[in-house]
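*Asks:* This is the structure I want to talk about, given as structure tokens.
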Amino acid sequence: MLVSLIFKRTYRPNVNTIQWNKTIQNHQSNGNYQQALKLFQLGIEKNTFQPNSVTYLTILDICKELKSLPTVRKIHHLIDESKNLNNDDIQNNPRIRSLLMDVYIKCQDIDSAYKIFQSMNERNLIDYCAIMTGFNHQKQYEKTFELSKQIPASIKYSSPVLCTLILQACIELNKYDDGYKIHQYGKKFLPNNKIFMNELLNFYLKFHQEKQALDIFDKYQNQQTIIDYSLLMKYYNRQYQPDKTIELCYRLKNHSHIQIDHIIYVLVLQAIANGCCLHTSEQIYNQIKKSQTHMDINNALINMYGKLGNLDQAEKIFNSMSKHNIVSYNILLNLYGLYYQSDKALKTYHQMCQHGHQPDDKTYVLLLHTLSQTPNKINDVKRIFSTIEEH
């Protein structure tokens, strides 16, 4: 790791630079990132070689892998120091500026990344995509949206990646008209770009434009993916239209090129729990039993059987699981609340704590709701409240 202070030094040309670069790159190729950094540090400390653009591009690539923000800042300082050198203009090298910005994004320092972006004399498509990706990952969608207004049209609508990033911001900011405009300009990317197509479905479903979403879904049947189906199923489940989710499941089975995954099974089980007939649930369950066991599927099965009135089967599945997560316990606690089973709820709570699971806010809400239905549990309620205050 680089030492904490930045060494004051005078740069001087050195024929060893090429050899040092090769050695550092060899360490990088072999995954010896710390060794590469130590070698770089040694050269800086002893003024053995003068880093050039190749050196900094290599070191920044290594920093991107390590995601060490303090190291990146020290490298950035050295790059800025290089402006006093009369060599290959390291500080203003566009590749170095772009990579430095990207490294800051990887380290989740979006403010420093944006300062680099603003300092660029010229910005290309990759630069816009990189900074917008950083904004969206940090949920700073407003900045993505505002920046999109400044992008030249020749760049703005030239990439499905850029259109997807802007569309994501439109979804989060409820900018329907702007998102619709992205769709009109981005039609040329359909159906080949699956990510853009997925985001369009997500966009229209977010604004409850089911017809527009289905138009896209049905128009490109041969290009449908498992993500398209999951987006529609999630929408129908939120709208309490379980029959449509089940219908999609049967349609999906006719697509031999699409492999049903555990997410689809979970969504189908949620639909069944929301009101599909028991006969349908048995058919689906028999199919799911043939697939590989997955914790999310088991959790959904617990929820389904409990809400369909079969608490014994829900408990049986819970007890058969070799591992549980916080979702498993919360689902069972919710069911005990529905069935007024305060003793079982309290026992489950103690069990999850004994097994090292940290209760979350939902756990406490479900547990306290269940216990409040039983007057003789007032002391337990007080004890749990004191536990919440401790955390």
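*Asks:* Please indicate, with yes or no, whether at least one residue in segment 105-121 is touching an Asp or Glu at 6+ places or on another chain (Cβ under 9 Å) and within 22 Å of THR17 (Cβ to Cβ).
*Replies:* no
*Asks:* Out of segment 266-295, which residues are assigned to a helix (DSSP H, G or I), farther than 17 Å from ASN237 by Cβ and modelled with pLDDT under 85?
*Replies:* Across segment 266-295, the qualifying residues are LEU278, HIS279, GLU282, GLN283, TYR285, ASN286, GLN287, LYS289, LYS290.
*Asks:* Quick one: how many residues across segment 306-337 are in a helix (DSSP H, G or I) and more than 20 Å from THR370 (Cα to Cα)?
*Replies:* Residues that pass the stated criteria total 5.
*Asks:* Hey, MET197 hits all of (1) in contact with a helix residue (DSSP H, G or I) (Cβ under 6 Å, 6 or more places away or on another chain); (2) crowded, with 20+ Cβ neighbours inside 10 Å but one; which does it fall short on?
*Replies:* (1)
*Asks:* Among LEU173, LEU167, LEU232, which is in contact with a Phe, Trp or Tyr (Cβ under 8 Å, 6 or more places away or on another chain) and under 20 Å from LYS253 (Cα atoms)?
*Replies:* Within the list LEU173, LEU167, LEU232, the selection yields LEU232.
*Asks:* Now, a different point. Taking the options TYR229, TYR180, TYR176, TYR236, name whichever one is surrounded by 15 or more Cβ atoms within 10 Å (Cβ to Cβ) and touching a Lys or Arg at 6+ places or on another chain (Cβ under 6 Å).
*Replies:* TYR236
*Asks:* Pick from MET295, MET304: which is within 30 Å of GLN259 (Cα to Cα) and either in the same structural domain as ASN274 (by TED's automatic domain parsing) or in contact with a Lys or Arg (Cβ under 7 Å, 6 or more places away or on another chain) (or both)? Spell out how you get there, then give the answer.
*Replies:* Working: MET304 fails: either in the same structural domain as ASN274 (by TED's automatic domain parsing) or in contact with a Lys or Arg (Cβ under 7 Å, 6 or more places away or on another chain) (or both).
Being within 30 Å of GLN259 (Cα to Cα) and either in the same structural domain as ASN274 (by TED's automatic domain parsing) or in contact with a Lys or Arg (Cβ under 7 Å, 6 or more places away or on another chain) (or both) holds for just one of MET295, MET304, which is MET295.
One line per residue, one yes/no per condition, for (1) at pLDDT 95 or above; (2) more than 23 Å from TYR229 (Cβ to Cβ); (3) part of a loop (DSSP other than H, G, I, E, B):
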site: ALA130; (1), (2), (3): yes, yes, no
site: ASN136; (1), (2), (3): yes, yes, no
site: GLU142; (1), (2), (3): yes, yes, no
site: SER154; (1), (2), (3): no, yes, no
site: CYS163; (1), (2), (3): yes, no, no
site: TYR185; (1), (2), (3): yes, yes, no
site: ASN192; (1), (2), (3): no, no, yes
site: PHE196; (1), (2), (3): yes, no, no
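*Asks:* May I ask you to list the residues in segment 32-81 that are β-branched (Val, Ile, Thr) and closer than 16 Å to SER98 by Cα?
*Replies:* VAL54, THR55, THR58, ILE59, ILE62, VAL72, ILE75, ILE79
*Asks:* Now for a separate question. Across segment 356-390, which residue is surrounded by the most Cβ atoms within 10 Å (Cβ to Cβ) among those that are touching a helix residue (DSSP H, G or I) at 6+ places or on another chain (Cβ under 9 Å) and assigned to a loop (DSSP other than H, G, I, E, B)?
*Replies:* The residue in question is PRO359.
The values are calculated or read from the model by the stated rules, or taken from the named source; none is laboratory data. Computed from a predicted model, the values in this text were never measured in an experiment. Cβ: placed from backbone, ideal geometry, glycine included. Neighbour counts: every protein chain shown.
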